[in-house]
Amino acid sequence: MVVSKLGSLLNHSLTVNQAKQIQALILVNGLYHLEPLIIRQVLISTPHFSQITTQYVRLILHHMQNPDVFSWSCTIRFLSQHNQFREAFSLYVQMQRLVSCPSSFAISSSLKACARIGYEMGGISIHAQVHKFGFCGVVYVQTALVDFYSKLGSTGIARKVFDEMVGKNVVSWNSMLSGYLRSGDLAMAHSVFDEMPKKDVVSWNSMISGYGREGNMEQACALFRLMPERNIASWNAMISGYVDCRKIELARSFFDAMPRRNTVSWITMISGYSKCGDVESAREVFDQMGEKDLLLYNAMIACYAQNSRSKEALQLFNKMLEPDVNIQPDKMTFASVISACSQLGDLRFVSWIDSYMNQLGIGMDDHLATALIDLYAKCGSIDKAYNLFRGLQKKDLVAYTAMILGCGINGRANDAIKLFEEMMDVQIYPNLVTFTGILTAYNHVGLVEEGYNCFISMQKHGLVPSADHYGIMVDLLGRAGRLDEAYQLIKSMPMQPHAGVWGALLLACSLHNNVELGEIAAKHCFELEPDTTGYRSLLASIYASVGRWDDAKSLRTDLQEKGFTKIPGCSWMEQS
DNA sequence: CTAGGGTTAG
């Protein structure tokens, strides 16, 4: 009976609810032997059905008596479409042992997976198999290869495959085009664009976003006006271009003008406001969107997390879990939430989040691991951070930076320096946050000369130190008693020093009982942050240390009259 | 049945 019910359900293209019913029926009744039929129908008819979990797909595959090439291929494609790229590739490898010859279907899906995770060796071995099994002339396979090499930045090889193709179609041309656009070769891209025998809306959109990425919005706009037909993606490409060059009002005007909007439009707008630090406008856009999906929540939570509004990030996370909303979070949600936790320096949520992630079957990937590294490092659990760091598939700039910053904050200068050198050895180049980490490390152990040389070396990396970097240097020099140098450094700053920079000098003056510079520093602090009482207390303690009790007393009385008694710590560290 | 463009995370 169950089988016949399943049969009738499987006759049609499935809705999400029907697919859910099928999933339940199969699981409850253990009907895995219905195998290829079901897996095909479920996976093909509902390719966007994300509620089917990876484990479920594996379960079916595992219970199949005799999975054929087609069942394997469907599964690989399914995983590849649901951002489970490593899993897709690993299934492709498993498939090799059990079937004599892969299908072009499986090959193109696996190539796509390799392209998305930048798995070069994987794609190249598939390319070798393409030759071995004689798929060289299949347009789908060739196009997937062009796309793979394009995405990896090997436009030369992509071009070689492309030139050997006999039956090029629009998709093949577009893949080649996007390769040149991705590598920033606008000239080649334009010549390919002109050469194309047929252009479709994708070709135009690619060109527009290519110019957008280069910051050439005039050209993008010209193409936008010229194109014969526009779809939502065309408008989105314009919005995204304006967002990238921080022209948020222009982005908004396109957003408002477009005839129809989709999730991408909303997300782009929210992330645009987020990048400009305009959290309120982002929230306004978020609230306007009627039916909110996972990605929209992710974008808004990320916005809060990136703009140091950790509490609101966690509140929104809780909101999406409420029964009336009930949206299941994914890896990206957790990455933002973990980041929010690390800003709060709060380990309380972490074990809960960890078990919740396990419960949902969310596996660890490099992004998530890096978020956790950041969290553990900032909370002082350096060893835990190190373990995660060692387990990373690929250590990139952000991972190294999180580790270096963590070691820096926790006074493990030698580790930080070692990591910094290791990073340079593998040709990963530091950014401003990396330098914050390494300078903090030098600061913690009081290595003044090394720190100073490092600060100077930023220029060699094409980086302009921010006020925060100056702040660390002032702190470093100041603590070492080199107050005049610290003061000179502040005066040499190309930008306006913020209160934290002066605060570092003030703190140093209080350590070394320097009234003269202390007063100067304090004056600036009072001006910049009149409500922060810590600066007054510091100055008072300087007065006290040289016996100017009256001055000290009048400052302290002043404080008590304002109702402040506590002395807050002063912080000049920017979150990464 | 497969391949190309626009969005989110550390």
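What to note about this one:
- Taken over the range A:454-485, the criterion of being within 19 Å of A:Glu529 (Cβ to Cβ) and either surrounded by 22 or more Cβ atoms within 10 Å (Cβ to Cβ) or more than 30 Å from the chain's Cα centre (by Cα) (or both) is satisfied by A:Tyr470, A:Gly471, A:Ile472, A:Val474, A:Asp475, A:Gly478.
- You will find that of A:Glu229, A:Glu284, the residue that is more than 9 Å from DNA strand B (Cβ to nearest atom), assigned to a helix (DSSP H, G or I) and either without any contact (Cβ under 8 Å) to a residue 24 or more places away in the chain or not small (Gly, Ala, Ser) (or both) is A:Glu284 and no other.
- Search result, residues across the range A:200-226 that are touching a residue at least 24 places away in the same chain (Cβ under 8 Å) and aromatic (Phe, Trp, Tyr): A:Trp204, A:Tyr211
- For A:Ala187: the one exception among (1) over 24 Å from A:Lys247 (Cα atoms); (2) within 31 Å of the chain's Cα centre (by Cα); (3) within 8 Å of DNA strand B (Cβ to nearest atom); (4) not hydroxyl-bearing (Ser, Thr, Tyr): (3)
- Members of the range A:179-196 that are closer than 18 Å to A:Val161 by Cα, outside any helix (DSSP H, G or I) and not hydrophobic (A, V, I, L, M, F, W, C): A:Ser183
- The set of residues in the range A:253-265 being within 15 Å of DNA strand B (Cβ to nearest atom) and of a type in the set (D, E, K, R) consists of A:Arg260, A:Arg261.
- Filter pass, A:Gly411 being in contact (Cβ under 8 Å) with a residue 60 or more places away in the chain and over 24 Å from A:Gln306 (Cβ atoms): no
- Looking only at the range A:104-141, residues that are surrounded by 24 or more Cβ atoms within 10 Å (Cβ to Cβ) and either more than 8 Å from DNA strand B (Cβ to nearest atom) or among the aliphatic types (A, V, I, L, M) (or both) come to 8 in all.
- In the range A:438-492, the residues that are farther than 26 Å from A:Cys525 by Cβ and among the acidic types (Asp, Glu): A:Glu449, A:Glu450
- Helices (runs of 4 or more DSSP H) contained entirely in the range A:335-438, each with at least 2 residues that are surrounded by 20 or more Cβ atoms within 10 Å (Cβ to Cβ) and within 15 Å of DNA strand B (Cβ to nearest atom): A:366-378, A:382-390, A:397-409, A:413-425
- Tally of residues being in contact with a Lys or Arg (Cβ under 8 Å, 6 or more places away or on another chain) and either without any contact (Cβ under 8 Å) to a residue 24 or more places away in the chain or more than 7 Å from DNA strand B (Cβ to nearest atom) (or both) across the range A:156-172: 1
- The range A:520-576 - residue that is away from DNA strand B (no atom under 16 Å from the Cβ), at pLDDT below 85 and among the hydrophobic types (A, V, I, L, M, F, W, C) and, of those, nearest to the chain's Cα centre (by Cα): A:Trp572
- Long-range neighbours under 6 Å by Cβ, at least six apart or interchain, first residue closer than 11 Å to A:Met176 by Cα and modelled with pLDDT of 95 or more within the range A:138-153, second within 8 Å of DNA strand B (Cβ to nearest atom) and among the β-branched types (Val, Ile, Thr): A:Thr143/A:Val171
The values are calculated or read from the model by the stated rules, or taken from the named source; none is laboratory data. The structure displayed is predicted, hence computed values, not measured ones. Reconstructed Cβ throughout: ideal geometry from the backbone, glycine too, with neighbour counts over all protein chains shown.
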